[in-house]
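Q: The structure under discussion is supplied below as structure tokens; questions concerning it will follow.
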Amino acid sequence: MRAVAKGIASKDSAIVIDETGRIDKSMIESIHNSTVSCERVRNDKPYVGDSAKTGAYPELRGYRIDRLEGNGVLDSLRKSLYDLGLDRKNFGKTGWNPLGDLVKKKSVILIKPNWVLHENENRKYDHECLVTHPSLIQAILPYAVKAKPRRIIVGDAPLQYCDFDALIGRYPFLERYAAEGDRPAVLVRDFRRTVSERNWRISEDLQTLEDYTEVDVGRHSLLEPVSGDWRRFRVTVYDPRKMWNHHNPGTHRYLVAREILEADLVINMPKLKTHKKAGMTCCLKNLVGINGNKEYLPHHRKGGAPGGDAYPGFSLWLKIAESLFDYANKRRGRLRLFNLLFRAAFTLIGVNRRLGGSPQAEGNWHGNDTIWRTCLDLNRVLLYSDSGGVLQGSPQRRELNIVDAVIAGQGEGPLMPEPLEVRAIIAGFNPAAVDYVTASIIGFDPEKIPVIRNAFRIREYPIAAFSADAIRCVAGAKRVPIASLVDEFDIHAEPPLGWKGRMEK
């Protein structure tokens, strides 16, 4: 077996945007284009089609759109693609090919949904506020096919205990996209290398390392400034010693699915939700799912703040709980002991809460200063890493972001969200710009959400080569101020417990 490909940031390739904004113009959409489309979904039942509109999409005649005729999501998606200027001269004609403006024929298109888990852990609610809804993926697929790529991939790396077969069962139309003539098959991918059962019995190395590429962001990593005490880096339910091999001063490696880096166009399709660690998950946070092993992903730092960022201040109960987590994770092979130690750790977290201590642990609060760095590193990897894992001086692939904000998730997201009707499709080329607008629309202040705020402040390998003030919102093909959209939607989403009073406007 070939060893995993490894890449590092080229010493001479780091992009620094100067005052004139000069940069390689070959793939500028993602970092320079500040346009964000926001289209309302008007149907009473937004995920259900209306047969009265049959034949309304001349460009899709002959393409599979099963039961999508008149679907509110498809209507709004088409408007969004038009708002973004994609093949605008042919809109409404049989030859309209919006994605053809972004990729050449025989390219590779990869669709990255949010497939975090097969069921909502808040048993009161279903998957509609948890994962990217099937109707949105089904709506973009015929446009992907029409661009005549050689391969279309739909994939994500869910949580290790996600039942992938049960999850994919909600997307039966994917199986119907078999190769026909010059039409490519749609390939479904689970990018995980490690999965577990609910009792935490794990299966590792499910996919060979040759299917992945290690990308070392090195000194350019946003984790570098907090790597002085690198042995604090943690992600719950994983052996911290494995993480230390990949994240330490001067070294910050990510294990990215090779098919991601071989794609010419990545269509990022997140579900809009609140997030206990990051505040909000949308386009920027969704890229955690391009990584194959979670031990490459620092989520928080052990200990209370200051020093660590797992919880505020000092707590003896939480300190002991963290030690139990570490002891258990280093002994994953002893399943009974592992489960016993984990139950004890969560019991101590509950004791601390009942005694009036912080209810937060594992970085589930507004003081988490780690997760945003990991998320933004991965966004830079997607933009600048070549297929061999080396960061280059200009974007290596195009990115289109399309947010499922029809039924969003609020409260204790990302795994226990409650539904929030936003009824919108929000789209754009730049993930930071899209997240900024999306956060504003649901009543949050994007300047208070680190993963969004800091996305506009990166000089080397930038995500956005413009300020948030330069964002250009479009709705119904007309320019609209963000403030007007905020007033129109008039939504006040419920933040996670650890973010209350810290992210709202």
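Q: Excluding MET269 itself, what net charge comes from residues whose Cβ is under 9 Å from its Cβ, given Lys and Arg +1 and Asp and Glu -1?
A: +1
Q: Something else: Under the Karplus relation 6.51 cos²θ - 1.76 cosθ + 1.60, θ = phi - 60°, what is the ordered set of whole-Hz ³J(HN,Hα) values for segment 468-483, x standing for Gly and Pro?
A: Running phi through 6.51 cos²θ - 1.76 cosθ + 1.60 with θ = phi - 60° gives 4, 5, 8, 4, 10, 8, 10, 9, x, 6, 10, 5, 9, x, 4, 4 Hz.
Q: Let me ask something else about it. Mind grabbing the base-10 log of I(q)/I(0) for the chain at q = 0.08, 0.13 Å⁻¹? Debye formula, identical points on the C-alpha positions, no solvent, two decimal places.
A: Cα-only, vacuum Debye calculation for the chain: -0.46, -1.31.
Q: Now, a different point. Over the chain, what relative contact order in percent results from Cα pairs under 8 Å that are six or more residues apart?
A: 23
Q: Given contacts defined as C-alpha pairs under 8 Å and at least six residues apart, what's the relative contact order of segment 381-505, whole-number percent?
A: That works out to 24 percent.
Q: Cut-off is 10 Å between beta-carbons; in what order do THR132, THR208 appear when sorted fewest neighbours first?
A: THR208, THR132
Q: With 31 Å as the limit, write out which pairs from LYS124/LYS242; LYS273/LYS478; LYS124/LYS478; LYS271/LYS330; LYS319/LYS505; LYS146/LYS276 have Cα-Cα distances beyond it, or answer none.
A: With Cα atoms farther than 31 Å apart: LYS124/LYS242; LYS124/LYS478; LYS271/LYS330; LYS319/LYS505; LYS146/LYS276.
Q: Pull up all non-local amide H partners of ASP156: gap of 5 or more, or a different chain, and H-to-H distance under 5 Å with H placed in the peptide plane.
A: Answer set, sorted by chain and number: ARG189, PHE191.
Q: Rank the residues PHE342, PHE444 as a footprinting-exposure proxy: fewest other Cβ atoms within 10 Å of their Cβ go first.
A: PHE342, PHE444
Q: Hey, what angle do you get for helix 371-384 against the long axis of the chain, alpha-carbon based, 0 to 90 degrees rounded to 10?
A: Once rounded, one gets 40 degrees.
Q: Which of the GluC sites (Glu not before Pro) across segment 181-213 are loop residues per DSSP, with 12 or fewer other Cβ within 10 Å?
A: GLU197, GLU204
Q: For segment 128-244, place one equal point scatterer on every Cα, skip the solvent, and apply the Debye formula. What is log10 of I(q)/I(0) at q = 0.17, 0.20 Å⁻¹?
A: Results for segment 128-244 at q = 0.17, 0.20 Å⁻¹ read -1.06, -1.19.
Q: Using amide H atoms built 1.01 Å from N in the peptide plane, name the residues 5+ places from VAL480, or on other chains, whose amide H lies under 5 Å from its own.
A: CYS473, VAL474, ALA475
Q: State, as an integer percentage, the relative contact order of segment 277-331 based on alpha-carbon contacts under 8 Å between residues 6 or more apart.
A: Reported relative contact order: 17 percent.
Q: Let me ask something else. Expressed as a whole percent, how much of the Cα-Cα distance distribution for segment 400-505 exceeds 23 Å?
A: Roughly 25 percent, once rounded to a whole number.
Each reported figure results from applying straightforward, stated rules to the coordinates on display, with no laboratory input. Quick caveat, the model's predicted, so the values are computed rather than measured. So basically every Cβ, Gly included, is an ideal-geometry build from the backbone, and we count neighbours across all protein chains shown.
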